[in-house]
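Colleague: The structure is given below, and queries will be raised subsequently.
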Amino acid sequence: MRLQRFAAVATATALAFGLTACGSKDSDGGSDAGAGSKSFAAGSTMERLNKAQSIKVGTKVDQPGFGLKGLSGKPEGFDVEVAKIIVKELGIPTDKIEFVETPSKVREDAIVNGTVDFVVATYTINDERKKRVAFAGPYYEAGQNILVKADDAGITGPDSFKDGTKKVCSVTGSTPAENIKKSVKDVATQVVLFDTYDKCITALDGGQVNAVTTDNVILLGYIAKNQGKYKLAGDNFTKEPYGIGVKLEDKDFRTFINDTLEKSFQDGSWKKAWDDTAGKFGAELGAAPAIDRY
C-alpha cells in the first residue's frame, strides 16, 4: 500500500514539474506556454497566430531608442518592446518573433501583401494611410523636429528653409518628409530623401545637407549616441501619434491590440518598455494616449 501511495505521489510531482517547465520564462521574460494556454475566436487572426506559434513583425532597424539593430543582430528599442507585449498576449514566446525590416516607404505594402502580421515602426496615424491599412493605438505621441550640427546657429526651425539656401534630409514615404516640403522654397533642390535616417546622418556629416528632420524622439537617439556632435534646432512643430498597422479589414485584430495596449498602460509594462529604451535618451513619455477606436 505504501509503495502504491509513494508511486502516486511521485507521479503527481513529476506531472506538476512538467507543467511548470512548460510554463517557464523565455529569455525575454515571456511564457513558453504553447497554443493551449490561450483561447481565441475561431477563424480570427489571433487564433491563427497562436496555433502557428510564430509571427512576423515589421519594424525599423535604423532608429536609436525605437528600432535599432543591436550587437545581437536583432532590432532593439521601444517599438520592439511594444511588439513583444502584443506577442506575449497572443501566447507566443518572444523568441518566435521574426522581425522584418520595414522602412517607411514599404510599410503599407508589407501589411497589405501579408509580408508581416503587423507593423510597429514609428508609424504615424493619418487619414491617407487609413485608406490602405488600419491602425491600433496610438501608443505614443511624438513631434517633428530638426537635427543640425552642434555649431550650426543658422537653422532654428522649419522657417529657416524658406530662403532656399539650405538642404534638409528625411526618409522617403515618411510623414516628416511630407511636412517639411511645406516649409521650403524649392522642394526639388532642398529636400533630400533616402530610405533610412542613417543615410541622412551620413549626408549631414559629409556636408551634402544642412539638417535632418524626423520625429524628436528619433533625433534625440542620434544626439545621445553622438554626444556633443548634434543638437535640435528649435521646438517640435507637429504632433505625430504612433500607431500599429494591421490589415484594413481586420477589425477584431485591431480591437485585440487596442485592448492589449490599454492593459499595458495600466499594468506598467508600457512604461517599463519606455524606461528601458527611448527613455534613456531623455525624451518624455508623458501620459498614456487615448486609444482611438475608430
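Each reported figure results from applying straightforward, stated rules to the coordinates on display, with no laboratory input. Just so we're clear, the structure is a prediction, and the values are computed from it rather than from any experiment. Note: ideal-geometry Cβ built from the backbone for every residue, glycine included; neighbour counts use all protein chains shown.
Colleague: Hey, in the GNM for the chain with a 10 angstrom Cα cutoff, which one of D195, D267, D95 fluctuates hardest?
Modeller: D267
Colleague: Going down the table (K74/K263; K149/K199; K69/K263), which pairs top 22 Å between alpha carbons? Write out the running numbers ahead of the final one.
Modeller: Values: K74/K263 26 Å; K149/K199 15 Å; K69/K263 28 Å.
Checking Cα-Cα distances, K74/K263; K69/K263 exceed 22 Å.
Colleague: Calculate one ³J(HN,Hα) per residue across the stretch 157-167 by plugging θ = phi - 60° into the Karplus curve 6.51 cos²θ - 1.76 cosθ + 1.60, and present them in order as whole Hz with x for glycine and proline.
Modeller: After applying 6.51 cos²θ - 1.76 cosθ + 1.60, I find x, x, 5, 5, 9, 6, 7, x, 9, 10, 9 Hz.
Colleague: May I pose another question? Going through the cross-link list K247/K271; K182/K251; K60/K166; K88/K272; K60/K185; K231/K280, which pairs have a Cα-Cα distance over 25 Å in this structure? Display every interim value, and only then the final one.
Modeller: Working: K247/K271 27 Å; K182/K251 34 Å; K60/K166 28 Å; K88/K272 15 Å; K60/K185 30 Å; K231/K280 17 Å.
Result: K247/K271; K182/K251; K60/K166; K60/K185 exceed 25 Å.
Colleague: Hey, another quick one. Separation between the K182 and A150 pseudo-spin-labels, each 7 Å from Cα along Cα→Cβ, expressed in nm?
Modeller: Taking the simple label geometry, K182 and A150 are separated by 3.3 nm.
Colleague: Roughly speaking, what is the stretch gain from D195 to K263, that is 0.36 nm per residue apart minus the C-alpha to C-alpha distance, in nm to one decimal?
Modeller: Length difference between fully extended and current span is 21.1 nm.
Colleague: Tell me the label-point distance for the pair V112, S54, using the 7 Å Cα-to-Cβ offset, in nm and rounded to one decimal.
Modeller: The modelled label-to-label distance comes out at 2.7 nm.
Colleague: Tell me the angle of helix 2-22 to the major Cα principal axis of the chain, expressed in degrees between 0 and 90 and rounded to the nearest ten.
Modeller: That helix lies at roughly 10 degrees to the long axis.
Colleague: I'd like the orientation of helix 78-89 relative to the chain: the angle between its Cα long axis and the longest Cα principal axis, in ° from 0 to 90, rounded to 10.
Modeller: 20 degrees
Colleague: As a test, work out the antiparallel percent of DSSP beta bridges whose residues both lie in the chain, rounded to the nearest 5.
Modeller: Counting only bridges with both partners in the chain, antiparallel ones make up about 65 percent.
Colleague: Whole-Hz Karplus ³J(HN,Hα) for the stretch 195-206, in order, using 6.51 cos²θ - 1.76 cosθ + 1.60 and θ = phi - 60°, x for Gly and Pro?
Modeller: Values per residue, Gly and Pro as x: 8, 9, 6, 4, 5, 5, 4, 4, 5, 5, 4, x Hz.
Colleague: Now a separate question. List the residues, sorted by chain then number, that are 5 or more residues from V57 or on another chain and whose placed amide H is less than 5 Å from its amide H.
Modeller: Counting only residues 5 or more places away or on other chains, the set is E98, F99, V100, D117.
Colleague: Whole-Hz ³J(HN,Hα) for each residue in the stretch 41-47, computed from phi via Karplus 6.51 cos²θ - 1.76 cosθ + 1.60 with θ = phi - 60°, x for glycine and proline: what do you get?
Modeller: These are the phi-based 3J(HN,Hα) values: 4, 4, x, 7, 4, 4, 5 Hz.
Colleague: Before rounding to the nearest 500, sum -39500 (n - 2.57) across all DSSP H runs of length at least 4 in the chain and divide by the residue total; then give [θ] at 222 nm in deg cm²/dmol.
Modeller: Helix-only estimate at 222 nm: -10000 deg cm²/dmol.
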